[in-house]
Amino acid sequence: MMDTIKDFRGQYKFLSNFYSPCPVTYDGMTYQSTEHAYQAAKFTDKKLRIMIQKEETPAGSKKTAHKLEVEGNRRDDWNDIKIDVMSGLVTQKFMRYDDLKTKLINTGTARLIEGNTWHDNIWGDCSCPRCVGITGQNHLGKILMQVRKDIIILTLKELIGSTRECTPEEKLEREKELETMSYEDLWKKFGLEP
Ligand SMILES: [Zn+2]
């Protein structure tokens, strides 16, 4: 198992928001990728959201959104909500598609970092000469690791509920215990379960 995955391409393309098609829903509309939905969420005007929804590729959705932003259409509170929006979309993506869920779980304990060369030190970590010395905030990687942990906790909770003979009090106690465990310990426990 790799310790760090920092290239969301090739076999790890599924970790990228440019992975498509994997339809997700945001505010009553369905988009073909998390990138499309994220870009559309920047605007409250439905006409603008439809323009982004219609883009054939995630890159196209980003480009159109950028143009609309430059024209001054972006919602004022975007910076306050964007991480929550992304978190919701990424959660939905992996909860909705079992093959993606399995692939995410199979990254094990690897640290997930959205490595890039286009100076994105908010969602990832840029490795270009200009950005040397800057540690990217890696919000996308952090969200992915949180979703991975949530899936494991959920799976272990289901196991407690379905295969163990225990009183409701014991069940609650075991569930609480899971919430406080480190990811490494959760992963070990997960590996030992049938
Ligand atoms: Zn850079």
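A short reminder: the numbers here are calculations on the coordinates, not readings from a lab. Since the model is a prediction, treat every value here as computed from it, not as a measurement. Backbone-built Cβ (ideal geometry, glycine too); neighbour counts: all protein chains shown.
The helix-based estimate of mean residue ellipticity at 222 nm for the chain, built from -39,500 (n - 2.57) per DSSP H run of four or more residues and divided by its residue count, is -17000 deg cm²/dmol to the nearest 500. Among 129-138, 56-65, the peptide with the highest mean count of other Cβ atoms within 10 Å heads the list, and the full ranking is 56-65, 129-138. Under 5 Å between amide hydrogens, built in the peptide plane, is the criterion, and for Leu112 it picks out Ile5 among residues at least 5 positions away or on other chains.
Residues Asp7, Asp98, Asp125 in ascending order of nearby Cβ atoms (within 10 Å, fewest first): Asp98, Asp7, Asp125.
A Gaussian network model of the chain, with springs between Cα atoms under 10 Å, assigns the largest mean-square fluctuation among Gly108, Gly88, Gly28 to Gly28.
Could you list the residues of the stretch 103-121 with an amide nitrogen less than 18 Å from a label point located 7 Å from the Cα of Met181 in the Cα-to-C-beta direction? Label zone hits: 105-110. Taking a straight Cα-Cα cut-off under 21 Å and skipping sequence neighbours fewer than 8 places away in the same chain, the lysines within cross-link reach of Lys13 are Lys62, Lys63, Lys93, Lys101, Lys103, Lys142, Lys149.
Between 0 and 90 degrees, the angle of helix 168-180 with respect to the longest Cα principal axis of the chain falls at about 50 degrees.
Between rounded, prolate and oblate, where does the chain land on the alpha carbon gyration tensor, with a ≥ b ≥ c its root eigenvalues, rounded for a/c under 1.5, else prolate if a/b exceeds b/c? Prolate. Residues Ile152, Ile81, arranged from fewest to most other Cβ atoms within 10 angstrom of their Cβ, appear as Ile81, Ile152.
For the stretch 49-113, just say rounded, prolate or oblate: build the C-alpha gyration tensor, square-root its eigenvalues into a ≥ b ≥ c, call rounded for a/c under 1.5, and beyond that prolate if a/b exceeds b/c, oblate if not. In terms of gyration-tensor shape, prolate. Counting Lys and Arg as +1 and Asp and Glu as -1 over every other residue whose Cβ lies under 13 Å from the Cβ of Lys103, the net charge comes to +2. Judged by a Cβ-Cβ distance under 4.7 Å, the unpaired cysteines of the chain are Cys22, Cys128, Cys166.
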